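Participant: Structure in structure tokens, see below.
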Amino acid sequence: MDKLAIQGGVPVRTKPWVSKFIGGEELGQEEKERLLRVLDKKRVFRYVPEGLEDSEVGQLEEEYRRFTGAKYALAVNSGTSALICALIAAGVGPGDEVIIPAYTWVATAGAVALVNAVPVLCEIDDSLTIDPQDLESKITPLTKAIIAVHMRGISCDMDRIMSIARKYNLKVIEDAAQANGGKYKGQMLGSIGDVGCFSLQQSKVITTGEGGMVVTDSETMWQRAVLYHDGAMYQFRFTERKIPAFPGQNYRLTELQAALSLGQIGKMPAMLNKTQAVKKRLVELLRSVPKIELSPVFGTERDLGISLVFYVENSTQARETAEAITAEGIPAQLVYDPEANDQHVYVNWEFLMNKQDPWGGSYPWSSPLYKGEVHYSTESCPRTLDLLGRAVQIRLNHLIEEEDIQDIVKAVHKVVHYLL
Ligand SMILES: Cc1ncc(COP(=O)(O)O)c(C=O)c1O
């Protein structure tokens, strides 16, 4: 144990690491039966009038209403379409700026540009979520909304974000794609801002392969999202439309996808209690290790525990640390690897950096309706790049047991001792 595995020593662990998915690992008999039931019904399109009251998509929306406490829910076919619908719901459009964190999935930035608004990048802090102080400094008279992204299962500082939003009369869209089931001060994520978005893609807490959900307390916002998610306006054959018509997409979810996901919300608390307990224990065991830093937010109620991140002194050390821990048998990654083109980091959002639209031009930045000016470069958010460049990540899930926790702790101790 006195030589690092990367230098030819004996690794801490030779057993394969636990699988990286969370809800995806739990797909089983119950889901099989639900899918077969839909096939037996031969009713795979949500809005077939016969049996509408029994629609799987409708039931999934009901589950989300109950789960989040929001008055309205709309199932869509991805987290990206949920964000686009949420922005449309919030009235964001040409001429507007929307503040987003510099660390999120590229879809957050793409959704803003797709509704013809201009994304404005904001620094994150060591919690990995948007920095409220920088957020306030990025507000201009054109700012219409903020997208608060609960990154890597960690909730944003919603008290401060909501108070800034109310002060400047801005809409808050919560992107809870990576934090389904999370809470902030006891309130479900997605239900704190004006509108909340979830993703049901494979790598998320629960999954239906591809899928998403929008929740809100506002009937008007819900109607706007419903209309935009389905230009054919099927829902309004059954519900009174109270908003003027506008063109929409087709982001409808199928009955099969909804059926696959139904009931998974019920499994979430047990999985998340486990991930949170694992993370809490890891943070307790690692907090006193020299030469690594943990955010005070890690391991608290704000943290779902789906990922362990710690900071080292610089990016060279981070790369060496991630490689050395991986060699010890625990897969570890750099959160920002300049060579990896990871679409979670703003510098890799090529369309944004170059202000490119799909037609060879520069819309919405060049729109005559946009009266502001925004510049993007690799230097736009230096604190974010510094933090992410020094961050080492180990993915966690609910299948991690005490033995695995001990292996992580041993590997981190060993690497810190012999390498840093
Ligand atoms: C923070 C964040 N926002 C939005 C999305 C988009 O979700 P989807 O992949 O379901 O379109 C993702 C998922 O990849 C995400 O991680």
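The values are calculated or read from the model by the stated rules, or taken from the named source; none is laboratory data. Small disclaimer: the values here were computed from a predicted structure and weren't measured. In this analysis, Cβ positions are derived from the backbone assuming ideal geometry, glycine residues included, and neighbour counts consider all displayed protein chains.
Participant: Looking at the stretch 258-272, which of the residues that are of a type outside the set (A, V, I, L, M, F, W, C) and part of a helix (DSSP H, G or I) is farthest from Val76 (Cα to Cα)?
Facilitator: To start, the set of residues in the stretch 258-272 that are of a type outside the set (A, V, I, L, M, F, W, C) comprises 261, 263-264, 266-267, 269.
Restricting the remaining residues to those that are part of a helix (DSSP H, G or I) gives 261, 264, 266-267, 269.
Working: Ser261: 12, Gln264: 17, Gly266: 20, Lys267: 21, Pro269: 23 Å.
Only one residue fits best here, namely Pro269.
Participant: Spot the failing condition for Gln249; the list is (1) within 16 Å of the ligand (Cβ to nearest atom); (2) farther than 24 Å from Gly299 by Cα; (3) under 20 Å from the mean Cα position of the chain (by Cα), and only one is missed.
Facilitator: Exception for Gln249: condition (3).
Participant: Taking Asp131 as the residue in question, decide whether it is among the acidic types (Asp, Glu) and surrounded by 24 or more Cβ atoms within 10 Å (Cβ to Cβ).
Facilitator: Numbers: among the acidic types (Asp, Glu): yes; surrounded by 24 or more Cβ atoms within 10 Å (Cβ to Cβ): yes.
It is true that Asp131 is among the acidic types (Asp, Glu) and surrounded by 24 or more Cβ atoms within 10 Å (Cβ to Cβ).
Participant: Collect the residues in the stretch 21-43 that are surrounded by fewer than 15 Cβ atoms within 10 Å (Cβ to Cβ) and outside any helix (DSSP H, G or I), keeping them in residue-number order.
Facilitator: Scanning the stretch 21-43 gives Gly28, Lys42.
Participant: Just checking, which of Arg383, Arg395 is in contact with a Ser or Thr (Cβ under 6 Å, 6 or more places away or on another chain) and either on the phi > 0 side of the Ramachandran plot or basic (Lys, Arg) (or both)?
Facilitator: Only one candidate qualifies: Arg395.
Participant: Assess whether Ile192 counts as being of a type in the set (Val, Ile, Thr), assigned to a helix (DSSP H, G or I), under 21 Å from Val297 (Cβ atoms) and more than 12 Å from the ligand (Cβ to nearest atom).
Facilitator: no
Participant: List pairs: first residue in the stretch 378-394 and farther than 13 Å from Tyr311 by Cβ, second residue acidic (Asp, Glu) anywhere in the structure, Cβ distance under 6 angstrom, at least six positions apart or on different chains.
Facilitator: Listed pairs, sorted by first residue: Cys381/Glu123.
Participant: Residue check: is Glu50 in a helix (DSSP H, G or I), away from the ligand (no atom under 16 Å from the Cβ) and either more than 18 Å from Thr220 (Cβ to Cβ) or of a type in the set (Val, Ile, Thr) (or both)?
Facilitator: No.
Participant: Do we find that Asp96 is under 22 Å from Gly389 (Cβ atoms), more than 15 Å from the chain's Cα centre (by Cα) and of a type in the set (Asp, Glu) in this structure?
Facilitator: no
Residues are listed down the side, and each one gets a yes or a no for (1) buried (at least 24 other Cβ atoms within 10 Å of the Cβ); (2) of a type in the set (Ser, Thr, Tyr); (3) modelled with pLDDT of 95 or more:
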| position | (1), (2), (3) |
| --- | --- |
| Ala225 | yes, no, yes |
| Tyr228 | yes, yes, yes |
| Met233 | no, no, yes |
| Leu253 | yes, no, yes |
| Lys274 | no, no, yes |
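Participant: Which residue is nearest to the ligand (Cβ to nearest atom), if the candidates are limited to the stretch 72-107 and must be of a type in the set (Ser, Thr, Tyr) and crowded, with 24+ Cβ neighbours inside 10 Å?
Facilitator: If we take residues in the stretch 72-107 being of a type in the set (Ser, Thr, Tyr) and crowded, with 24+ Cβ neighbours inside 10 Å, then Thr104 is nearest to the ligand (Cβ to nearest atom).
Participant: Please find, within the stretch 281-325, the residue that is surrounded by the most Cβ atoms within 10 Å (Cβ to Cβ) out of those that are touching a residue at least 60 places away in the same chain (Cβ under 8 Å) and among the β-branched types (Val, Ile, Thr).
Facilitator: Ile306
To keep it simple, each residue is scored yes or no on (1) assigned to a strand (DSSP E or B); (2) away from the ligand (no atom under 11 Å from the Cβ); (3) not aliphatic (A, V, I, L, M).
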site: Ala109; (1), (2), (3): no, no, no
site: Gln133; (1), (2), (3): no, yes, yes
site: Glu136; (1), (2), (3): no, yes, yes
site: Pro141; (1), (2), (3): no, yes, yes
site: Val172; (1), (2), (3): yes, yes, no
site: Asn180; (1), (2), (3): no, no, yes
site: Gly196; (1), (2), (3): yes, yes, yes
site: Ser203; (1), (2), (3): no, no, yes
site: Val214; (1), (2), (3): yes, yes, no
